[in-house]
Amino acid sequence: MATALYRLGRFAMRRRWYVLLAWLLVLAGVGTAAVSGGGSFSDSFSIPGTESARAQTVLAERFGSQFAQEAASSGREGSTTTPATTRVILAPPAGTTVMDPATAQAAGAFLAQAGAVDGVTGVSDPFTARTIAPNGSALYADVQLAAPSADVPAATLTGLRAVVRAARDGGWRATISGGPFAPALKIISGTESVGLLAALVVLVVTLGSLLAAGMPIVTALLGVAIGAAGILGVA
């Protein structure tokens with residue numbers, strides 16, 4: 001085995017440019033297959049503890065699991081050019097229902113505050129749209145925003161969160177979900193970047209050469225790219 005590996009390494013070293021070109025061609029071929037005829041990523045996932053996860057819990061409890069799944073599909077992050085929509089879910093204090101006149105008035109006041117936030121173009125009426133739980137234990141309203149999810153100003157998000165906090169302070173169970181409030185999926189986070197930098201520093205100190213230290217990193221990244229594209233291609 002040692003002899004075979006030695007010969008393989010010697011061959012790759014002597015013909016390094018051809019070997020590199022071959023692997024790049026493999027990456028291009030696998031990548032093309034993955035994009036043109038491969039599978040697709042699924043966005044059916046849950047991150048416990050987030051605002052959206054709490055919203056899904058309330059919807060499942062008050063409206064049923066099937067409705068919560070439909071709501072999740074309509075409250076995703078959405079297009080990069082279409083104005084975003086988010087959803088406010090309100091459950092009244094214990095012992096009351098949203099059908100009680102005073103409670104309904106309070107819910108309307110919270111939604112009016114949401115509609116008054118700068119960057120909000122409209123809020124649906126849950127009593128007209130009948131987006132109320134059968135037993136009156138919760139309701140939700142869709143909030144139409146003026147910008148796509150990625151372009152919603154921070155002031156708009158802060159204003160909507162303030163409305164939710166005000167409802168909670170009043171004894172309501174309130175949350176917001178979808179659109180710019182949906183958890184962002186990061187391919188490479190800061191943790192991976194720090195780990196990659198740390199590995200590069202260790203290799204530079206150990207090998208004493210930036211070129212020698214960079215080769216294993218580049219090889220690893222190339223292998224990950226080919227592996228990921230291959231998995232997607234056969235999915």
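The values are calculated or read from the model by the stated rules, or taken from the named source; none is laboratory data. On a predicted model such as this, the values are computed, not experimentally measured, just so you know. With ideal geometry, Cβ positions are generated from the backbone for all residues, glycine too; neighbour counts draw on all protein chains shown.
Restricting the first member to segment 113-126 and to residues that are free of Cβ contacts under 8 Å to residues at least 40 places away in the same chain, and the second to residues that are aromatic (Phe, Trp, Tyr), the beta-carbon pairs closer than 9 Å and six or more apart or on different chains are 124/140; 126/140.
Report the residue count in segment 167-208 for those that are among the polar types (S, T, N, Q) and modelled with pLDDT of 80 or more.
Keep residues of segment 167-208 that are among the polar types (S, T, N, Q), which gives 175, 177, 189, 191, 193, 206.
If we keep only those that are modelled with pLDDT of 80 or more too, we end up with 175, 177, 206.
Within segment 167-208, residues that are among the polar types (S, T, N, Q) and modelled with pLDDT of 80 or more number 3.
Where strands (runs of 3 or more DSSP E) fall wholly inside segment 116-235, the ranges with 2 or more residues that are touching a strand residue (DSSP E or B) at 6+ places or on another chain (Cβ under 7 Å) and farther than 30 Å from residue 95 by Cα are 120-123, 139-145.
Let's see how each residue does on (1) among the β-branched types (Val, Ile, Thr); (2) over 30 Å from residue 30 (Cβ atoms):
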position	(1), (2)
165	no, yes
169	no, yes
172	no, yes
180	no, yes
198	no, no
210	no, no
217	yes, no
231	yes, no
